[in-house]
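Novice: My questions all concern the structure below.
The values are calculated or read from the model by the stated rules, or taken from the named source; none is laboratory data. All values reported here derive from a predicted model rather than from experimental measurement. Note that each Cβ is placed from the backbone with ideal geometry, even for glycine, and that neighbours are counted across all protein chains shown.
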Amino acid sequence: MNHSVNRSPTLDEDDAADDFEKDEVTLREVINIKLVESGEKENLMELVRDRLVECGWKDEMRIACREHVKKKGRKDVTVDELIRVITPKGRASVPDSVKAELLNRIQNFIVSAAL
Amino acid sequence: MSARISFLKNPDPCNHLSDYKLRYGTDGYKSFNNLFRCFNDGRIKIKLQGIDIPRCSYCSVYQKRLYICLICRSISCSSHILLHTQLNKGHDIAIDVERSELYCCACIDQVYDSEFDEVVVSKQLIGLGMSVKSGAAVVAVRSNKKRRLDSQLIIGSKFLVSPRDRREKWTFPLGLRGLNNLGSTCFMNAVLQALVHAPPLRNFWLSGQHNRDLCPRRTMGLLCLPCDLDVIFSAMFSGDRTPYSPAHLLYSWWQHSTNLATYEQQDSHEFFISLLDRIHENEGKSKCLYQDHEECQCITHKAFSGLLRSDVTCTTCGSTSTTYDPFIDISLTLDSVNGFSPADCRKNRYSGGPSVNATMPTLSGCLDFFTRSEKLGPDQKLNCQSCGEKRESSKQMSIRRLPLLLCLHVKRFEHSLTRKTSRKIDSYLQYPFRLNMSPYLSSSIIGKRFGNRIFAFDGEGEYDSSSSSSPSAEFEIFAVVTHSGMLESGHYVTYLRLKGLWYRCDDAWINEVEEEVVRGCECYMLFYAQERVIQKAHKELSYQVISMADAFPFADC
């Protein structure tokens, strides 16, 4: 699938900052494609999953979800709402060690894939 | 290996899902069969041909949650899924690409359909080739014997029913009576109070099913703990409110457990287990047809026996080996209740992240911890059948069958063999008066591995989906044994719930207390009963009885 076909035409060609951003996004996408193709993305996902369970993050999130449901009442909560409310808490409480490890792995990958 | 649809917890479908099912049936689900990609740990994703990275067809994003429409197979992100429904009438149901779970775009919420889950999980199970190692216990369980406790009413040979209780000023329920402390025996009194007021046990003894006058062991001059309990039951329900001394039972118990025959404080839980054990030994010998306690018809097992399931999964290939073990109580760890060690708690604080709201430990937290998937250490590698060599594995416990009476023991006493020290964990544990055990059943725990599904695994639904006689997972508390003080010099007190009111039983002193007092206590053993048992007991306690003391005077005690 040609990605550019699906991209919405909202770019301001005169803005250099936007250009820079466009390149950044493209680079991120390229890395992502390479990660997926090589199967490394799956490995990284599994790693993150394991680490987040080990350090208790998953349980924290479950408790947070329960608290929210208790507050709103079981019938009034949707999955979307939970995601909306819990995601910021989740992102904020990921331990630095997990972030560091993931970053390290991705850096190694980039080097080894000669990007 | 059969997979059955269980009627466990089938939430009602929304209108949109019903409409979809009417129109398309399960064909839509089945058409996705080739698109499922299965993983060893139970995860199932949707994998479209030729597309490595699925993207939203409206905004091209790939990082968000994506849904694939069941009808037109177009992919939308969470922001645009509503738009998709609005633009395409009838395209309401979609599947979460990452998790293979149903989603209703119109309701903006997850929905459930057991037929969908069946299609999804069947695919997964074929791939995994789950194996079940069944012991004799499982064979017995699968033989479809419905074990129902026929608890007879109090109206037995010993009591008469009268329309009005003569002792009107004594408003305590029948059977409530203090127990004298015979020298650090509060550990025994606490357990006795709980057992005397456990409906199945109370009914068993009061209806004369172990009559000390007819007991063969006793006539032979042998020790018989059930006979001693018969004496106690009679005494407790005699109508006499003066504190009773359970000396016979204490003496008999000493004779059985000579190492514990001291005037030192003992562990209430240890006493509980040993007492039930003795009852089984005395009662069960004649009634126990099988080696294992599974089908034992003694009162101990009828009341307290449940079945635990243990799954050991190879982390490499995902194949699982399952074993079943009976239990008469569950001991819960209090320490790591929040799922993380105290060390991680500190780490979070230092890294400046939001402080782990070290919420109060709760009973559900303990039960979650008990049923967690535990990675076994590298030194505990097990031989995996399908890999053919020793592999790292994970273990997970769950409850296959719930007992009539559920005793939950909170492990507050830690004995360290290495350091030869013991300590007591004093932290407060929050617990509910009504407890729903379904999240800890094997069907729920196993099911969670496969994402959010309604599905019966490996015949798990068999026992639960049977007719009205199937036990529910709803429990109500009827007794709480608490321990206060230090390890060596503490004190046990029992709170009993009778006819909706709470009573504090502190050795010889009984008084009614407010609910809050019980909620705030330091629980050590929690006694729950299936709600129908409690409901039945309520009715039974409503009968006013004239005691034997009036009609036939009590000879001893």
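Novice: Only one of (1) within 18 Å of the chain's Cα centre (by Cα); (2) among the aliphatic types (A, V, I, L, M); (3) within 10 Å of chain B (Cβ to nearest Cβ) fails for A:I86. Which number is that?
Specialist: (3)
Novice: Keeping to segment B:213-262, report how many residues are β-branched (V, I, T), free of Cβ contacts under 8 Å to residues at least 12 places away in the same chain and surrounded by 15 or more Cβ atoms within 10 Å (Cβ to Cβ).
Specialist: 0
Novice: Related question: Restricting to segment A:58-83, what's the tally of residues that are in a helix (DSSP H, G or I), in contact with a His (Cβ under 9 Å, 6 or more places away or on another chain) and either surrounded by fewer than 17 Cβ atoms within 10 Å (Cβ to Cβ) or modelled with pLDDT under 90 (or both)?
Specialist: Adding up the residues that qualify gives 1.
Novice: What is the one condition in (1) touching a residue at least 12 places away in the same chain (Cβ under 8 Å); (2) closer than 25 Å to B:I44 by Cα; (3) among the hydroxyl-bearing types (S, T, Y) that A:T78 does not satisfy?
Specialist: Single failed check for A:T78: (1).
Novice: Quickly run through segment B:396-414 and pick out the residues that are within 16 Å of B:T333 (Cα to Cα) and among the aliphatic types (A, V, I, L, M).
Specialist: Within segment B:396-414, B:M397, B:L408, B:V410 qualify.
Novice: So, in segment B:362-379, of the ones that are away from chain A (no Cβ under 11 Å) and surrounded by 15 or more Cβ atoms within 10 Å (Cβ to Cβ), which residue ends up modelled with the lowest pLDDT?
Specialist: B:L376
Novice: In this structure, does B:C69 turn out to be within 25 Å of A:N32 (Cβ to Cβ) and either more than 14 Å from chain A (Cβ to nearest Cβ) or small (G, A, S) (or both)?
Specialist: Yes; evaluated as a whole, the condition is true for this residue.
Novice: Given the condition within 20 Å of B:C366 (Cβ to Cβ), out of contact with any helix residue (DSSP H, G or I) (no Cβ under 7 Å at 6 or more places or on another chain) and outside any loop (DSSP other than H, G, I, E, B), answer yes or no: does some residue in segment B:503-520 qualify?
Specialist: Yes - at least one qualifying residue is present in segment B:503-520.
Novice: Please count how many residues of segment B:42-60 are free of Cβ contacts under 8 Å to residues at least 40 places away in the same chain and more than 10 Å from every other protein chain (Cβ to nearest Cβ).
Specialist: The qualifying residues number 3.
Novice: Looking at segment B:520-539, which of the residues that are among the charged types (D, E, K, R) and touching a residue at least 40 places away in the same chain (Cβ under 8 Å) is surrounded by the most Cβ atoms within 10 Å (Cβ to Cβ)?
Specialist: Checking each candidate, the answer is B:E522.
Novice: Looking at segment B:398-429 only, could you name the residues that are modelled with pLDDT of 90 or more, touching a Leu at 6+ places or on another chain (Cβ under 6 Å) and among the hydrophobic types (A, V, I, L, M, F, W, C)?
Specialist: B:I399, B:L404, B:L408, B:V410
Novice: Counting only residues that are assigned to a strand (DSSP E or B), in contact with a Pro (Cβ under 6 Å, 6 or more places away or on another chain) and among the small types (G, A, S), how many does segment B:301-323 have?
Specialist: So the count comes out to 1.
Novice: If you don't mind, there's one more thing I want to ask. Only residues that are more than 10 Å from every other protein chain (Cβ to nearest Cβ) and over 16 Å from the mean Cα position of the chain (by Cα): list them for segment A:35-60, please.
Specialist: Matches in segment A:35-60: A:S38, A:G39.
Novice: Checking B:N259 against (1) closer than 22 Å to B:I299 by Cα; (2) part of a helix (DSSP H, G or I), which test does it fail?
Specialist: Every listed condition holds for B:N259 apart from (1).
Novice: For segment B:83-128, enumerate the residues that are under 16 Å from B:G451 (Cα atoms) and of a type in the set (K, R).
Specialist: Within segment B:83-128, B:R99, B:K123 qualify.
Novice: Assuming B:F271 fulfils every condition listed in (1) in a helix (DSSP H, G or I); (2) at pLDDT below 90 apart from one, which condition is it?
Specialist: It is condition (2) that B:F271 fails.
Novice: Show the residue pairs that are 6+ apart or on different chains and have beta-carbon atoms under 7 Å apart, the first residue being within segment A:93-105 and within 11 Å of another protein chain (Cβ to nearest Cβ), the second being of a type outside the set (A, V, I, L, M, F, W, C) and in a helix (DSSP H, G or I).
Specialist: Qualifying pairs under 7 Å: A:S93/A:E60; A:P95/B:K347; A:P95/B:N348; A:V98/A:R51.
Novice: Assess whether A:V111 counts as being assigned to a helix (DSSP H, G or I), more than 12 Å from chain B (Cβ to nearest Cβ) and under 30 Å from B:D109 (Cβ atoms).
Specialist: no
Novice: Tally up the residues in segment A:84-115 that are farther than 25 Å from A:A64 by Cα and surrounded by fewer than 10 Cβ atoms within 10 Å (Cβ to Cβ), please.
Specialist: Count: 2.
Novice: Turning to a different aspect of this structure: Give the residues of segment B:410-428 that are in a loop (DSSP other than H, G, I, E, B), hydroxyl-bearing (S, T, Y) and surrounded by 10 or more Cβ atoms within 10 Å (Cβ to Cβ), sorted by residue number.
Specialist: B:S427, B:Y428 - these are the residues of segment B:410-428 that are in a loop (DSSP other than H, G, I, E, B), hydroxyl-bearing (S, T, Y) and surrounded by 10 or more Cβ atoms within 10 Å (Cβ to Cβ).
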